[in-house]
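Engineer: To start, I am sharing the structure in question, which I have written as structure tokens.
The values are calculated or read from the model by the stated rules, or taken from the named source; none is laboratory data. Treat the numbers as computed from the prediction; the structure is a model and nothing was measured. Neighbour counts are summed over all protein chains in view; Cβ atoms, including those assigned to glycine, are modelled from backbone coordinates with ideal geometry.
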Amino acid sequence: MSVLQNKIDFVAFVSVKKANPNGDPLNGNRPRTNYSGHGEMSDVSIKRKIRNRMQDMGESIFVQMNERSDDGYDCLSNRSKAITGTKTREEYAAKACEKWYDVRAFGQVFAFKAGKKAKDSDTEQGVSIAVRGPVSIHQAVSADPVDIESMQITKSVNSEPGDQKSSDTMGMKHMVDFGLYQIKGAVNVQLAEKTGFSMEDAEKLKEALRTLFLNDSSSARPEGSMEVVKIYWWVHPNKIGEHSSAKVHASVTAKRKDGVAIAQSAEDYEIVLTPLEGLEPEIIDGI
């Protein structure tokens, strides 16, 4: 695989229609919003979806969901023991990056009890091996404040033998009426050189973003309720970048079209790209 030589920035626009893109467990699982009412998706939830897509694409993933485990391990501790024959932190980190896509992309902290791994650096408190990943992802924020709908969920069956059939309220279901969310991210070349993240890995990341919501449907996110609209993918001509990531990310924005008071679909927005000297993005339609 070819070593990554060029810094990468990317922006993905995601439409959400009658779905809960990322519930807040501290707020009754309502869709996340900030103080101004704009919808949010945490970076952790976005990385979870990327990991799931990578598994679908045949990549080995360290942080797997239990229900999607494909390697026979039931927890991270047991999976981490799949790396054997190392004597130092550096050797272990190198093998972990080689084995698992998400480790060489996002990084990972491996914690072991004393005497289990990296014996030359064990302490009474054990040893911790930290890998810094080159791929950074921001939390996604909607272009405009979002309206959240809530409905009661009721039951129409008996929960226990002998129960009288009833329609007692079981809980609440929350969803965003519509929102256009913007995901921002970047790939750092210096960190990619340390973890072995390659150009081929970057292409796989691009494909995972393009197909982010395939095989991701649930009762909170019905099939077709979430869609990647556009991806803007900048490959800089050098390692440090022709422009800062902040400037690159700010060069593309979504604005409501004239006459649209409340957006109801992605077509109600115009995505405006401000040209940057010496840098032009690849524009990709999502799925």
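Engineer: Picking from 247, 173, 255, which residue would you name as being within 22 Å of residue 143 (Cβ to Cβ), of a type outside the set (Gly, Ala, Ser) and outside any helix (DSSP H, G or I)?
Structural biologist: Being within 22 Å of residue 143 (Cβ to Cβ), of a type outside the set (Gly, Ala, Ser) and outside any helix (DSSP H, G or I) holds for just one of 247, 173, 255, which is 255.
Engineer: Filter region 136-153 down to the residues that are part of a strand (DSSP E or B) and farther than 17 Å from residue 15 by Cβ and list them by number. Steps first, please.
Structural biologist: Quick first cut of region 136-153, residues part of a strand (DSSP E or B) only: 136-137, 140-145, 148-153.
Correct list: 136, 137, 150, 151, 152, 153.
Engineer: Okay, next question. Please state which of the following conditions residue 152 fails to meet, knowing it meets all the rest: (1) surrounded by 12 or more Cβ atoms within 10 Å (Cβ to Cβ); (2) at pLDDT below 95; (3) under 30 Å from residue 36 (Cα atoms); (4) not aromatic (Phe, Trp, Tyr).
Structural biologist: Evaluating residue 152 over (1) surrounded by 12 or more Cβ atoms within 10 Å (Cβ to Cβ); (2) at pLDDT below 95; (3) under 30 Å from residue 36 (Cα atoms); (4) not aromatic (Phe, Trp, Tyr) leaves (1) as the failure.
Engineer: Looking at 143, 130, 118, can you tell me which residue is modelled with pLDDT of 65 or more and surrounded by 14 or more Cβ atoms within 10 Å (Cβ to Cβ)?
Structural biologist: Values: 130 fails: surrounded by 14 or more Cβ atoms within 10 Å (Cβ to Cβ); 118 fails: modelled with pLDDT of 65 or more.
On inspection, the qualifying residue turns out to be 143.
Engineer: Then there is this: So which residues in region 247-278 are farther than 30 Å from residue 17 by Cβ and either free of Cβ contacts under 8 Å to residues at least 24 places away in the same chain or of a type in the set (A, V, I, L, M) (or both), if there are any at all?
Structural biologist: Pass one, region 247-278, residues farther than 30 Å from residue 17 by Cβ: 247, 275-278.
Across region 247-278, the qualifying residue is only 276.
Engineer: On the given criteria, is residue 51 modelled with pLDDT under 95 and within 19 Å of the chain's Cα centre (by Cα)?
Structural biologist: Values: modelled with pLDDT under 95: no; within 19 Å of the chain's Cα centre (by Cα): yes.
Considered against the rule, which asks whether it is modelled with pLDDT under 95 and within 19 Å of the chain's Cα centre (by Cα), residue 51 comes out as no.
Engineer: Related question: Only one of these is closer than 22 Å to residue 200 by Cα and of a type in the set (Lys, Arg): 87, 81, 49, 113. Name it.
Structural biologist: Numbers: 87 fails: closer than 22 Å to residue 200 by Cα; 81 fails: closer than 22 Å to residue 200 by Cα; 113 fails: closer than 22 Å to residue 200 by Cα.
The match here is 49.
Engineer: Just for region 55-96: of the residues that are small (Gly, Ala, Ser) and assigned to a helix (DSSP H, G or I), which one is farthest from residue 111 (Cα to Cα)? Step through it out loud before you land on a result.
Structural biologist: Within region 55-96, the subset small (Gly, Ala, Ser) is 58, 60, 69, 72, 77, 80, 82, 85, 93-94, 96.
Among the residues that remain, those that are also assigned to a helix (DSSP H, G or I) are: 77, 80, 93-94, 96.
Details: 77: 8, 80: 9, 93: 12, 94: 16, 96: 13 Å.
Going through the qualifying residues, I end up with 94.
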